[in-house]
1. Run the quick spin-label model on SER103 and THR146: label points 7 Å from Cα toward the beta carbon, then report their separation in nm to one decimal.
2. How many Å³ per residue does the convex hull of the Cα positions in the chain occupy?
3. State, to one decimal in nm², a quarter of the convex hull surface area for the C-alpha atoms of segment 1-113, i.e. the direction-averaged projected area.
4. Work out from phi, with θ = phi - 60° and the Karplus expression 6.51 cos²θ - 1.76 cosθ + 1.60, the ³J(HN,Hα) of each residue of segment 154-165, listed in order in whole Hz, and give x for Gly and Pro.
5. Net charge within 12 Å of ASP70 by Cβ-Cβ distance, Lys/Arg positive one each and Asp/Glu negative one each, not counting ASP70 itself?
6. Amide H neighbours of GLY87 under 5 Å, counting only residues 5+ apart in sequence or on other chains, H built in-plane at 1.01 Å?
7. Hey, can you rank 18-28, 120-130, 47-57 by average C-beta count inside 10 Å, highest first?
8. Residues in segment 48-69 near a label at ILE33, defined as backbone nitrogen under 19 Å from the 7 Å Cα→Cβ point?
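Nothing in this text is a laboratory measurement; each read-out follows from the coordinates by a stated rule. Just so we're clear, the structure is a prediction, and the values are computed from it rather than from any experiment. Glycine gets a Cβ as well: all are built from the backbone with ideal geometry, and neighbour counts include every protein chain shown.
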Amino acid sequence: MLREALKKYNIILASGSPRRQAFFKELDLDFTIEVREIEETYPESLKASEITDYLSQLKASAFTDLSERDMVITSDTIVWKDGKAIGKPKNYEEAKQMLQNLSNEMHEVITSVCFTGKEFQETIHDTTKVWFKPLSEAEIDYYLNTYQPYDKAGSYGVQEWIGYIAMERLEGSYFNVMGLPTHLVYKTLMALAKR
């Protein structure tokens, strides 16, 4: 459906995430992948979805040479807990601290997606609440040593072993926790196709 609806656009997915790339394939979209490097920093005054909205728009700002037919899609995900954003860990110790912090607690996963054309920009976001069971040190060490989740916000992938054993409850979109609120992406792309 989307492939036909969006045939007037060249869809550019600006994400190096294998999970997001797989989602776009599963949504049956024709797209190319192009990632442009930017420094992912944001004003300290921003909170929760303001951060992911800002960063997804910042990633889009690197594409200053869009043609009339181009639509670039950028995205950003954070884990939000105790009024703070938890991004990707820099190393093993930081990853371990993140998972210890999420253990036996509820956190939110927030993803923003920005759709940018030559004459338009639309940004959406979604929030999912996730409850983790208490995690033992052995479980955390096993997960970090086996999966090395250093490219993931909050230092975990819900689709991996840790998600199977740790996630007790979820409120919202499961796919959003994986990095893309697919239902909202579909809805927005269908609306943009009618422009």
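1. 1.7
2. Taking the convex hull of the Cα positions in the chain, it is 115 Å³ per residue.
3. That works out to 8.7 nm².
4. x, 6, 8, x, 5, 7, 9, 3, 4, x, 4, 9
5. Here the charged neighbours net out to -1.
6. Under 5 Å from the amide H of GLY87: GLY154.
7. Descending mean neighbour count gives 47-57, 120-130, 18-28.
8. So the set is 59-60, 63.
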